Amino acid sequence: MIVSGLFLLLAVGHLALASVGVSQIRAGASRMFLLPTVLCTTLCYDNAVLALGSTLGEGRPLELLSVPRFVLHAILTPLLVLWARAAMDRAGIPVARRRGVQATAVALTIALIAIGSLHVLQLDLRPRWWAGALRYTDVDGSAAMALPAIIAGLVVLAAGIALWRRHRYRLLFVTAAVMTLVAGAAPVIPVLGNAGELILSAGLLGTADWLRRRDQDRSMVSQ
């Protein structure tokens, strides 16, 4: 029950972040808030299902609730490649504006979504207990199927490094680095990987807000 409680806390954390994103979008903030907000909403659902697993028990209801977890990850996670390029563009990093870089980001995103979608079509979900928490996992999922999330995370990390080097802005780099470090332990300690996702989500929203404030400052200077 303790681990289930941790997943519930992570769900609440993502819900809080999603609420911040929604308030910014309603206030007319830039589109950079959109993907992080959608991801936070998705991860809120993800962690809520994991929190409820032991309560619902093995069976069709929990299995059906688990399917969207894989579908949403397959579709949304690769979009971070486009978001990272857009963040560098908004931050005035010239390489992000090159046509070759833009085309590569689009092609990579499409390829990663295709790989993830293929994984979803071949899902074979089975119940698995871990530290008192119950979840449905894909028994045939190989390390290769984790490739989209790994590549997208590395692209975000690269964007964080670029922002750090050009503007001394560290938040995206630090949160992406934490996510990269804990990703390796996620298959063994699931709650650790999910905690890393919460940290990265905060970094994405924080970076979107930094870009918003940067744009406002530049607008004031130009007036």
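The values are calculated or read from the model by the stated rules, or taken from the named source; none is laboratory data. Since this is a predicted model, take the numbers as computed values, not measurements. Only protein heavy atoms, including side chains, enter the accessible area calculation; ligands, DNA and RNA are left aside. Shrake-Rupley method; radii C 1.70, N 1.55, O 1.52, S 1.80 Å.
Assorted remarks:
- Between the range 124-194 and the range 45-64, the C-alpha centres lie 21 angstrom from each other.
- Thr41, Thr55, ranked by accessible area, largest first (probe 1.4 Å): Thr55, Thr41
- For the options Leu154, Leu118, Leu205, a Gaussian network treatment of the chain with springs between C-alpha atoms closer than 10 Å singles out Leu118 as fluctuating the most.
- Between the helical axis of 79-90 and the longest alpha-carbon principal axis of the chain there is an angle of about 20 degrees.
- Exposure of Phe70 as accessible area (Å², to 10), given a probe of 1.4 Å and all protein chains: 50 Å²
- Gained length - Thr104 relative to Asp89, 0.36 nm times residue gap less alpha-carbon distance: 4.0 nm
- Mean separation of Cα contacts under 8 Å (6+ apart) over length of the range 19-165, as relative contact order %: 27 percent
- ³J(HN,Hα) computed for each position of the range 158-167 - Karplus, 6.51 cos²θ - 1.76 cosθ + 1.60, integer Hz, glycine/proline x: 4, 5, x, 5, 4, 5, 5, 5, 8, 10
- Rolled with a 1.4 Å probe across the full set of protein chains, the surface gives Asp89 an accessible area near 40 Å².
- Over the range 17-97, relative contact order from alpha-carbon pairs under 8 Å, at least 6 apart, %: 27 percent
- In order along the range 102-115, the phi-based Karplus estimate (6.51 cos²θ - 1.76 cosθ + 1.60, θ = phi - 60°) of 3J(HN,Hα) comes to 4, 5, 5, 4, 5, 5, 5, 4, 4, 5, 5, 5, 5, 5 Hz; Gly and Pro are listed as x.
- Apolar share of the accessible surface for the range 78-141: 60 percent from carbon plus sulfur atoms, 1.4 Å probe.
- Close amide H contacts of Tyr169 (hydrogens built in the peptide plane, cut-off under 5 Å, sequence separation of 5 or more or a different chain): Trp164.
- Rolling a 1.4 Å probe over the protein heavy atoms leaves Trp129 with an accessible area of roughly 130 Å².
- Option label - P(r) over Cα pairs in 10 Å bins from 0, in percent computed here, alternatives [x] 8, 32, 33, 19, 6, 1, 0; [y] 8, 34, 40, 17, 1; [z] 8, 31, 36, 17, 6, 1, 0: [z]
- Protein-only accessible surface at a 1.4 angstrom probe places the residues Ile93, Ile25 in the order Ile25, Ile93, largest first.
- The residues of the chain expose, per residue, 51 Å² of accessible area to a 1.4 Å probe.
- Note on exposure: His119, His167 ranked by accessible area (1.4 Å probe, complete protein assembly) read His167, His119, with the most exposed listed first.
- Mean ellipticity per residue at 222 nm, deg cm²/dmol - from DSSP H runs of n ≥ 4 across the chain, formula -39500 (n - 2.57): -26000 deg cm²/dmol
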